[in-house]
Every structure is written in structure tokens, then in C-alpha cells.
Amino acid sequence: MKISVIGTGYVGSVTGAGLADLGHHIIFVGRDQKKLDLIQSGKSPIFEKGLDELLAKNRDRISTSTDMVSAIRESELCFICVGTPSNADGSIDLQQVRDVSVSIGKGLDSDDQYHTIVVKSTVFPGTTEGLVIPVIERESGKTAGIDWGIASNPEFLKEGCAIEDFFQADRVIIGTNDQKSRHIMESIYEPLKVPIYTTSIRTAEMIKYASNAFLATKISYANEIGNLCKRLDIDTRDVFTGVGMDHRIGPDFFRSGIGFGGSCFPKDVRALIAGARSVGIDLSILASVLKVNESQPLRMLSFLHAKIPALHGKTIGVLGLAFKPDTDDIRESRAIPVIDSLIREGAEVVAYDPMAMDNFRGLYPNIRYAKTAEEVLSSDAVLIITEWPEFENIDYTGTVVIDGRRVDAAERSAGWYQGVCW
Ligand code: NAD
């Protein structure tokens, strides 16, 4: 099948490469010609393990375009994978989704074949029916479910193992109200041999938010209990090993630490709270989840002050800038509030990350960037923000370490050591 994929970020690149590997012809549609040229040459526009290889392997079935209207006319199925960032009030900014819906409508205008439009971007329940469908109907003059099909297919990939998540998904959620689109979507995913759950469009949209909000809740819960464990001199890791053995609970997302970042959890929880508020529902558990997440990284500063009361003129090392290991993504990284506080207090920051330093330089051009992790160790104190595996291979002897992620080598060898929850 000929499929257009709109947006070449994490979700679009991985979805397109995965579908190409399943034998489909993919037209990647983007705005940035440089990124499209990279894809065309079999290289990934983002850092994601295995993506270069997958794009290169399927190069013959991949083309690129900046012309969305033509790409729609040339394809039978279209995945919308554009960004849905946060507005100032926490709700999602739908401008990118609105813009692409207009172009899709124009493309469908003269398209005679049945075309199914799939919303993969994370959108608040009701968005596909309340925005995407009306805009496309208006621009095309054609009716959803009769002249063209529509589906919601939320994405659950984890950056760092997104390719694996595509091919071995826990489940594929397909939300659609028309039989034809349902069959097309089922046939696309059937070769993966993974569970497929079909629902209405707004249920699919809600499954995405309810999943991310629950995982974020698990993290904040583990962090709050971790804070208490530290005070009571109990090992939080042992506690959650025991808790996670209950099959009703499960062991994942229970690593106590300095909280979650990234492009999804903070944004999606905020969007769910804001969307609920707009219909008169108060999601107080999720408001607390965010509150814990905001205060958690700042605990590092209170431990630092216990060792170095005045930071002015001191050199403070930061190990890890990415929001998690195996990615160069720094969106809402916990390094951001920590470094802001250090700068405010007059510390000189020297940072190291194996992959995310270029991205971080764009945000913080004036802090010092080290060439190696070891170079950071000569600082007056070192804060560990991201649990990169290479940080386990360092000798921290003589270094003051405040650890936000529990790097065992640091706990073992540091001259002075405090973990945030242990
Ligand atoms: P991203 O910001 O990395 O990529 C979005 C891409 O869309 C960008 O390359 C942007 O240039 C492109 N775009 C925007 N408007 C466009 C237009 N008019 N024409 C062509 N391209 C256009 O975002 P992402 O991380 O890939 O996320 C996309 C969506 O998927 C979001 O709604 C996000 O919440 C959701 N999601 C993301 C992840 C993740 O881990 N990154 C996981 C699951 C779901």
C-alpha cells in the first residue's frame, strides 16, 4: 500500500520506517528539506537505535516530499504524526494538527480512491471528531466514513527502544467508526502478530492519555514513597522489588529518583488535567503527580546545600542531560530545573552527556561542556541526572556525589554520597 506519513520526528520516522519494512511504500512528508534528504539517503533525522539501519534497508520503498497535497493524492493511507505541544494553560496546542488537516482536505478534494486518514499524534479525546473531521470535510467537500475513512491509532513507543516497540508492541489500538478503515488498519498491523484492540475513536484517544497518566502516577508514587523510605532508613529499591512482585501491580516504572521528563508524560498529564477541567472534572490525583514531579529534582539541591551551603563560585558537575538514557532528547529533562537553580545561585556548571550535549547547547550556550564524564569529577560536587550505562564504569573516589538515579558505582565509590530517595 502507498502510505504518506506526515511529520518526521520520533513518531513519524519510526512509524514510516516500520511500515516500509512491512513492505509498504512510504512518502515521508516534512517541512525541513535537510531532514527529508537524510531520510532519502537512508539516514535517520533523529537519534534512535536501529533507525538508520531500518531506513537504509528499505530505501527503495521510501520517498519524501514537502508537498502534502500531492502526497495525499498519491497515497491511500495517511498517518498524521505532527507535534501536539503544550499551551501555557497545559492544554494541547492543535495548530500543527489543524494545519495538516487543511492540506489533507485539499488533497482529498480531487482524490477518487477511498483514503483513510489516521491520527497518530496524541490528541485529547474528541479532537479527531471535533477538529480533524470537520476541517477535512470542509476543505474536501467530502463526508467522513462515506467518501474517506478516519481512524485514531495512538502511539506508545518509548524513545531509545522505539523500533522494538513498533515490531513487538504490547498492543495496537485502533479507534474507528467505519468498517472499511477498520479493515484497512487491521490488515496493516496484522503481520506484526501483536494484540490489536479496536474501539471508538474517542476511546482510543483516551486510552493513550490514561496509559501515560498511569505510568507517570507510578513514577511519582515511587518517588514519594522513596522520600519517606530515605527518612526512615529503608531501601526504596528493595521495597519496590517486593511491591512489584504482586502481579496486580507489576515491577516497571518503580525506580525512585528525580522524576519524569520527555516530550510525553509531563505534556500529556497536563493536557488531561486541562481537558478535564474544561468539562468541569477535577483530576486531583494527577495534579499531585505533577507537583511531586516538580519538587523531586530540587531535592538534589537541598542535599547539595547540606554539603556546600553557598554555591556561589563553586564548580558543580552535572552528569546526564538527556531526559533518559539512549536518547538525545532533552525535552523537559530534569536537568533543566536543576541547572536553572545552580545558575541562579551563582555556581559554575560543567556538564557532560554522551549524546545530548549538542541539543542542550542550544538551550544553555553559556555553561561549560566537558569532553568526558571523568572531566566532570574534579568539580566541587557532581549531580547525576541521567542513568547512562557508562556512568557505571567510572571511579568516583574522592568526589562529592548527589545521585538522582541510583548509579551503583557512584554509591559504592564516591567520597561523599547522597541518593535522593535512598
Ligand atoms: P516531534 O516534534 O519530534 O515531530 C513532529 C514533526 O512534525 C516535526 O518534525 C515537525 O516538523 C513536523 N510537522 C509539524 N507540522 C508539519 C507540517 N505542517 N507538515 C509537515 N510536517 C510537520 O514530535 P514526536 O515526538 O514525533 O511526537 C509526535 C506526536 O506523537 C505528538 O503528539 C506526541 O505527543 C506523540 N507521541 C510521541 C512519542 C515520543 O516518544 N516522542 C510517543 C508517543 C506519542
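The values are calculated or read from the model by the stated rules, or taken from the named source; none is laboratory data. Source: prediction; values computed, not measured. Here the Cβ positions follow ideal geometry from the backbone for every residue, glycine too, while neighbour counts run over all protein chains shown. All accessible areas refer to the heavy atoms of the entire protein, side chains included, with ligands and DNA or RNA removed. Shrake-Rupley method; radii C 1.70, N 1.55, O 1.52, S 1.80 Å.
Please give the number of the condition Lys49 fails out of (1) more than 24 Å from the chain's Cα centre (by Cα); (2) closer than 22 Å to Pro154 by Cα; (3) open to solvent by 40 Å² or more (accessible area, probe 1.4 Å). All conditions pass for Lys49, except number (1).
Among the residues of the stretch 136-152, is there at least one that is in contact with a strand residue (DSSP E or B) (Cβ under 8 Å, 6 or more places away or on another chain), free of Cβ contacts under 8 Å to residues at least 60 places away in the same chain and open to solvent by 50 Å² or more (accessible area, probe 1.4 Å)?
Restricting attention to the stretch 136-152, the residues satisfying the condition of being in contact with a strand residue (DSSP E or B) (Cβ under 8 Å, 6 or more places away or on another chain) are 136-137, 140, 142, 144, 148-152.
Applying the additional criterion that residues be free of Cβ contacts under 8 Å to residues at least 60 places away in the same chain yields 136-137, 140, 142, 144, 148-152.
Now drop any that are not open to solvent by 50 Å² or more (accessible area, probe 1.4 Å), which leaves 137.
Yes, the conditions are met somewhere in the stretch 136-152.
In this structure, Tyr209 qualifies as touching a Phe, Trp or Tyr at 6+ places or on another chain (Cβ under 8 Å), hydroxyl-bearing (Ser, Thr, Tyr), modelled with pLDDT of 95 or more and outside the structural domain of Leu290 (by TED's automatic domain parsing).
Is it the case that Gly105 is closer than 25 Å to Phe156 by Cβ and either within 11 Å of the ligand (Cβ to nearest atom) or touching a residue at least 24 places away in the same chain (Cβ under 8 Å) (or both)?
no
Of the helices (runs of 4 or more DSSP H) that lie entirely inside the stretch 17-91, those containing 1 or more residues that are within 14 Å of the ligand (Cβ to nearest atom) and farther than 29 Å from Ala271 by Cβ span 33-40, 68-74. Looking at the stretch 310-324, which of the residues that are hydrophobic (A, V, I, L, M, F, W, C) and in contact (Cβ under 8 Å) with a residue 60 or more places away in the chain is farthest from Glu374 (Cα to Cα)? Filtering the stretch 310-324 for residues that are hydrophobic (A, V, I, L, M, F, W, C) and in contact (Cβ under 8 Å) with a residue 60 or more places away in the chain, the one farthest from Glu374 (Cα to Cα) comes out as Phe323.
The residues of the stretch 23-46 that are of a type in the set (D, E, K, R) and buried (at least 19 other Cβ atoms within 10 Å of the Cβ) amount to a single one, Lys35.
For the condition over 29 Å from Glu155 (Cβ atoms), among the basic types (Lys, Arg) and not assigned by TED's automatic domain parsing to the domain that holds Thr127, what is the one hit in Lys324, Lys314, Lys267, Lys291?
Values: Lys324 fails: over 29 Å from Glu155 (Cβ atoms); Lys267 fails: over 29 Å from Glu155 (Cβ atoms); Lys291 fails: over 29 Å from Glu155 (Cβ atoms).
After ruling out the rest, the residue left standing is Lys314.
Pairing residues of the stretch 110-130 that are closer than 25 Å to Ser187 by Cβ and in the same structural domain as Ser70 (by TED's automatic domain parsing) with residues that are within 11 Å of the ligand (Cβ to nearest atom) and of a type in the set (Phe, Trp, Tyr), at Cβ distances under 6 Å and at least 6 apart in sequence or on separate chains, gives Val118/Phe79; Lys120/Phe79.
Output the number of residues of the stretch 200-231 satisfying the condition of being hydroxyl-bearing (Ser, Thr, Tyr), under 18 Å from Gly275 (Cβ atoms) and open to solvent by 10 Å² or more (accessible area, probe 1.4 Å). Please lay out each step first, then the result.
Going residue by residue through the stretch 200-231, those that are hydroxyl-bearing (Ser, Thr, Tyr) are 200, 203, 209, 211, 217, 220-221.
Those left that are additionally under 18 Å from Gly275 (Cβ atoms): 200, 203, 209, 211, 217.
Cutting the leftovers down to open to solvent by 10 Å² or more (accessible area, probe 1.4 Å) gives us 200, 203, 211, 217.
So the count comes out to 4.
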